[in-house]
Amino acid sequence: MSALEELYLSNNQLSELPISFGNLSNLCCLNLWYNQFSSIPESLCILTGLNYVQLQYNSICDGLPPCLTVIDIGDVEMGEQ
């Protein structure tokens, strides 16, 4: 699964991602719409190729964790749109 580049996990009532999620080293696009995340999963910090993340329609209270601003994700969509 390390060759996976896009992953769509919307509408799954997820509230966390497994630590092994960091093994998806080629992941560049991640869709987590309509889940139950209250914060951005720290496992995303490991994914250095990630450049697009969709997080709309979750209950995220905090902004981006510092590790993601260092990775320089090009487009993170959050909030109720």
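The values are calculated or read from the model by the stated rules, or taken from the named source; none is laboratory data. Quantities reported herein were computed from a predicted structural model and do not represent experimental measurements. Don't worry about glycine lacking a Cβ; one is built from the backbone with ideal geometry, like all the others, and counts go over all protein chains shown. The area values use the complete protein model at the heavy-atom level, side chains included, leaving out ligands, DNA and RNA. Shrake-Rupley method; radii C 1.70, N 1.55, O 1.52, S 1.80 Å.
Observations, loosely collected:
- Residue check for Leu30: at pLDDT 85 or above and open to solvent by less than 30 Å² (accessible area, probe 1.4 Å): yes
- Among residues of the stretch 17-37 that are within 9 Å of Leu7 (Cα to Cα), those with a beta-carbon under 9 Å from a residue that is open to solvent by 10 Å² or more (accessible area, probe 1.4 Å) and of a type in the set (D, E, K, R) at least six positions away or on a different chain give the pairs Leu27/Glu5; Leu27/Glu6; Cys28/Glu5; Cys28/Glu6; Cys29/Glu5; Cys29/Glu6; Leu30/Glu6; Asn31/Glu6.
- Residues that are open to solvent by 40 Å² or more (accessible area, probe 1.4 Å), modelled with pLDDT of 80 or more and in a loop (DSSP other than H, G, I, E, B) within the stretch 49-81 comprise Asn51, Tyr57, Ser59, listed in sequence order.
- Within the stretch 35-48, considering residues that are surrounded by 16 or more Cβ atoms within 10 Å (Cβ to Cβ) and of a type outside the set (Val, Ile, Thr), the one modelled with the lowest pLDDT: Pro41
- Whichever residue in the stretch 6-27 is within 13 Å of the chain's Cα centre (by Cα) and open to solvent by 80 Å² or more (accessible area, probe 1.4 Å) and, among such residues, is nearest to Gly49 (Cα to Cα): Glu6
- Qualifying positions in the stretch 1-48 - at positive phi and outside any loop (DSSP other than H, G, I, E, B): none
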